[in-house]
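What follows draws every value from the coordinates through simple rules; no lab data is involved. Computed from a prediction, not measured in an experiment: that's the story for all the values here. Neighbour counts run over all protein chains shown; Cβ positions are idealised from the backbone, glycine included.
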Amino acid sequence: MRTTPDPAQDSAVRPPDEDARLAAVRRYQILDTPPDGAFDRIAALAARIFEAPMATVAIVDTDRVWFKATHGLTGMDQVGREPGLCASAILHGEPYVITDAVTDDRALAHPLVQGDPGIRFYAAAPITTSDGQRLGTVNVLDTRPRRPTDAQLDALQDLAALVMDELELRLSAIRTVSAERDRRAEAERLARTLQRTLLPPVLPAVPGLHAAAAYHTASAHEVGGDFYDLFPLDDGRWAFFLGDVCGKGADAAALTSLTRYTLRAAAIYDPDPCAALHNLDTVLKGEYQGGAPRYCTAVFGVLQPLPDGSFEITLAGGGHPSALALRADGTVQPVSTAGGQLIGMLPEPRFVQTTTRLFPGDGLLLYTDGLTEARVPDGTMLGEEGLVGHLTAVTAHTADDLLESVEALLRRLGAGVSDDTALLALSVPSPSENRNQENR
């Protein structure tokens, strides 16, 4: 069935449920989108079926008719919403035909009839949603009068249904992308919140020592397993640790929490660094027995303040990169715990202990392997050697300066950083730093 213009029926110009129709147009988010091959092919096919020079896929907006696709209408992407053609066609649920525009009062006034390209014939099928809202039309236009066949009009309706199918597919994709974006944003928010609960909110003030820590995330959507802490012991000494658990996500978060609180408890029971790592190893094996092994690397240290203002540091490591001591004279020395084995993995792991001193002007950097495994521009890993080379150029060895320098390095490496990095820096103020502090 086809509809011919009826001035009495079309006198309203706009559908009675125009607000709902426009809401449907907005829902499909199609207006002003770039050209799309699927819609272009539908317009071309409509023209071929009618053996007509022009065809369009049109969406009727508030005050304009916007063409999603055109065939034979070059340089035209929209027209005003004057009655007579598309604006009148959406008032009808069936194909809408004008056999000769010069005999139709309303179509005669339309700019496409009065001006270029001088339309005489017009046929349209409505693009209709499942709830009956007509978004626009698939149109065929010619510059000579003509009468379409029923088969052509049936085909035009089929093409309009294809347009509606494409719009539904596109809307489904938009909703899927939007839902995924929302999911990722929520996951990112939860990851940030959970990450904060796994790390101390602030480091305590240690008399005669500066301390600073930072956490560099490689992915905003996953909770990493790096951790650090610094806390006082009962005898005037201070304990600290830094490490990295296996895996990502909720399982890694649970393991990180268990590891951090176990090391704190172990330090209270026996602050010997190797003993603390052995206690952690026992807890991990007991907690995860019967399942996949859950393990970590860690370095555990005890700070002993000395009368001359220096600090003696006893470190034990289990499968963790060496700490780096930055001396006041500019040299960088690894404080090696090489040979220490993974915690929670082996039947009888070996942990390696060493001691060093931090004198005024010295600094100590502890880090997880996300830093040294980062890729430099030539594709190789930064490694300990590359990190030492970077730190050699650092002139000030305060904890804050060390962190600022390493964080600048991580930013510079950019996409080369593929894993989270935890940083803990300690420094003993030099005499000049102490004088500056006293003068403030």
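Details
- Label point distance in nm, SER172-GLU348, each placed 7 Å from Cα along Cα→Cβ: 6.2 nm
- Remark on ALA323: its backbone amide H falls under 5 Å from those of VAL335, THR337, a criterion applied only to residues 5 or more positions apart or on other chains, H modelled at 1.01 Å from N.
- Loop trypsin sites (Lys or Arg not before Pro), the range 204-290, which have at most 16 other Cβ atoms in a 10 Å radius of their Cβ (DSSP): ARG237
- A full extension of the chain between ARG147 and GLN289 corresponds to an added length of 42.9 nm, given 0.36 nm per residue minus the alpha carbon distance.
- What the phi angles of the range 335-341 give under the Karplus curve with 6.51, -1.76 and 1.60, with θ = phi - 60°, is a coupling list of 9, 7, 10, 4, x, x, 10 Hz, glycine and proline written as x.
- Counting 0.36 nm for each residue step from ASP400 to ASP100 and taking away their Cα separation leaves a gain of 99.8 nm.
- Dipole-positive endmost among GLY118, GLN133, LEU85 within the range 75-218 (Cβ charges, Cα centre): GLN133
- In this simple spin-label approximation, ALA20 and SER130 carry label points 7 Å from Cα along the Cα→Cβ vector, and these lie 1.6 nm apart.
- Put simply, when 85-91, 228-234, 203-209, 112-118 are sorted by average Cβ atoms within 10 angstrom per residue, most first, you get 85-91, 228-234, 112-118, 203-209.
- FRET E, pair PHE359, ASP234, Förster distance 22 Å, beta-carbon r, rounded to 0.05: 0.25
- Peptides ranked, highest mean first, by Cβ atoms within 10 Å: ranges 72-84, 92-104: 92-104, 72-84
- The range 335-374 residues near the modelled ASP308 label - backbone nitrogen below 19 Å, point 7 Å along Cα→Cβ: 355-364
- The base-10 log of I(q)/I(0) for the range 232-389, evaluated at q = 0.11, 0.13 Å⁻¹, reads -0.47, -0.64 [Debye formula, identical scatterers on Cα atoms, solvent excluded].
- Förster radius 25 Å - calculated FRET efficiency between ARG412 and GLU373 (Cβ-Cβ, nearest 0.05): 0.95
- Cα gyration tensor, the range 1-160 - rounded (a/c under 1.5), prolate or oblate: rounded
- The chain: relative contact order as a whole-number percent, Cα under 8 Å and 6+ apart: 11 percent
- Chain lengthening between ARG264 and ARG183 when straightened (0.36 nm per residue, less Cα-Cα): 25.7 nm
- Residue-by-residue Karplus 3J(HN,Hα) for the range 102-107, coefficients 6.51, -1.76, 1.60, Hz, glycine and proline x: 6, 9, 10, 4, 6, 5
- Taking the DSSP beta bridges with both ends in the range 199-439, the antiparallel portion is around 100 percent.
- Across the range 402-418, rounded Karplus estimates of 3J(HN,Hα) from the backbone phi angles (6.51 cos²θ - 1.76 cosθ + 1.60, θ = phi - 60°) give 4, 5, 4, 5, 5, 5, 5, 4, 4, 5, 5, 6, x, 5, x, 8, 10 Hz, Gly and Pro being marked x.
- Amide H contacts under 5 Å for ASP420, placed H, 5+ residues apart: ALA218
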